[in-house]
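This report refers to the structure that appears directly beneath it.
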Amino acid sequence: MNVPVIRPRRLRSSPAMRRLVSETRVHPSELVLPLFVREGATEPTPIGSMPGVMHHSIDSLKRAATNAAEAGVGGVMLFGVPLTRDATGSQASAPEGILNIATEALVAEVGDALVIQTDLCLDEFTDHGHCGVLDSRGAVDNDATLERYVDMALSQAHAGSAILGLSGMMDGQVDAVRAALDEEGFIDTAILAYSAKYASAFYGPFREAVDSQLQGDRRTYQLDPGNRREGMRESTLDMSEGADIVMVKPAMSYLDVLADVAAMSDIPVWAYQVSGEYAMIEAAAANGWIDRRRAIEESLVSIRRAGADAVLTYWATEAAGWLK
Ligand code: PBG
């Protein structure tokens, strides 16, 4: 009988052997937990489109962050859901705005154990739901939006946010925010640039989570899902503008873009496992169609394998508990 000489299966022969030769691991410190805080909430309430994820009050937010810290999670990314919205998203930069007071509360509570990060975008705060302010024709006005991002950046930095997550996809946003931070002396406030953020259907459940008012879509600022090279272009631009970390988003449908950016980047590259990725696995698991824990672990390891140094995931605390 003609037997094969090369036997890769040798290295798969036992759990101990597989563990020894494993190429990719996910460590709790590489996970970032996105959290939603709702103005006026006195207790946490479930978000229907994201089973297991809550709208937090300030108190329950602190508890969720403390649990994440105890599980060894690396950081949290905070989103605010305001009670009132207007055309310029004024609550986003108001010192007493929900995102800013929640940031202060978290920094005081767990700021030594976790890196407290904030979403820097206007969509949760505008009455039209766009990530920027609109011009007289109703189009998103890039440069007028940059002024609002600068206001937001300064109020978030003032509130103590350690990393600003610039997720609005305006041209020049990293440059504008970096210059303003430096001028005000916030030289240690880092910028996470959502560089390759695609106009994705997988944000669907998130829109409910932040009560998005959006009619229409974000295709004039977020990337076309078919454009791989453009993901690289946007990342290169953000690096040249001084981003400290770049992000690819969503994660699982964009692993090629992630691998491209990771291969050329000399700064950390993160990926965001978005609400739709979360909801799909939860829904399939709830129906008994998929092994929930294995699917979550496989999704995280695949995102790491493609090149992400850290992953934003709604499973951060739970997954950290398994991975320790
Ligand atoms: C914009 C923002 C979005 C998400 C994070 N930041 C929504 C969007 O671009 O429509 C989506 C996150 C998710 O789906 O989990 N501020």
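Tabulated data for the structure shown
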{"item": "The range 27-247: relative contact order in percent, alpha carbon pairs under 8 Å with at least 6 residues between", "result": "18"}
{"item": "Share antiparallel - DSSP beta bridges, the chain, percent rounded to 5", "result": "10"}
{"item": "Cβ-based charge dipole, the range 27-247, positive-most Cα from Ala157, Gly204, Pro28", "result": "Gly204"}
{"item": "Helical mean residue ellipticity (222 nm; -39500 (n - 2.57) per DSSP H run of 4+; nearest 500) of the chain", "result": "-12000 deg cm²/dmol"}
{"item": "Exposure rank, largest accessible area first [Arg293, Arg9; 1.4 Å]", "result": "Arg9, Arg293"}
{"item": "Separation between Cα centres of the range 195-216 and the range 1-65, rounded to whole Å", "result": "22"}
{"item": "Sulfur and carbon atoms: percent of accessible area, the range 240-320 [1.4 Å]", "result": "50"}
{"item": "Degrees between helix 275-286 axis and first principal axis of the chain (Cα, 0 to 90, nearest 10)", "result": "50"}
{"item": "Max mean-square fluctuation residue, GNM over the chain, Cα-Cα springs under 10 Å, options Gln215, Gln273, Gln117", "result": "Gln215"}
{"item": "Inter-centroid distance (Cα atoms) of the range 179-194 relative to the range 69-113, Å", "result": "17"}
{"item": "Pairwise FRET efficiency - Arg305 versus Val21, Cβ, R0 = 22 Å, nearest 0.05", "result": "0.95"}
{"item": "Low-density loop positions, chymotrypsin sites (Phe, Trp or Tyr not before Pro), the range 248-324 - DSSP coil, at most 12 other Cβ in 10 Å", "result": "Trp289"}
{"item": "Viscosity 1.002 mPa s, 20 °C: Kirkwood-radius Stokes-Einstein D of the chain over Cα pairs, µm²/s", "result": "106"}
{"item": "GluC sites (Glu not before Pro) within the range 13-120: DSSP coil, no more than 16 neighbouring Cβ in 10 Å", "result": "Glu23, Glu96"}
{"item": "Ratio of the Cα radius of gyration of the range 1-50 to 2.2 N^0.38 Å, where N counts its residues", "result": "2.40"}
{"item": "Whole-number accessible area per residue in Å² for the chain, which is evaluated in the context of all protein chains at 1.4 Å", "result": "46"}
{"item": "The range 129-164 versus the range 281-306: alpha-carbon centroid distance in Å", "result": "35"}
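The values are calculated or read from the model by the stated rules, or taken from the named source; none is laboratory data. Because the structure is predicted, anything quoted here is derived from the model rather than measured. All Cβ positions, even for glycine, are placed from backbone atoms using ideal geometry, and neighbour counts span all protein chains on display. To get the accessible areas, we keep the full protein, side chains included, count just its heavy atoms, and leave off ligands, DNA and RNA. Shrake-Rupley method; radii C 1.70, N 1.55, O 1.52, S 1.80 Å.
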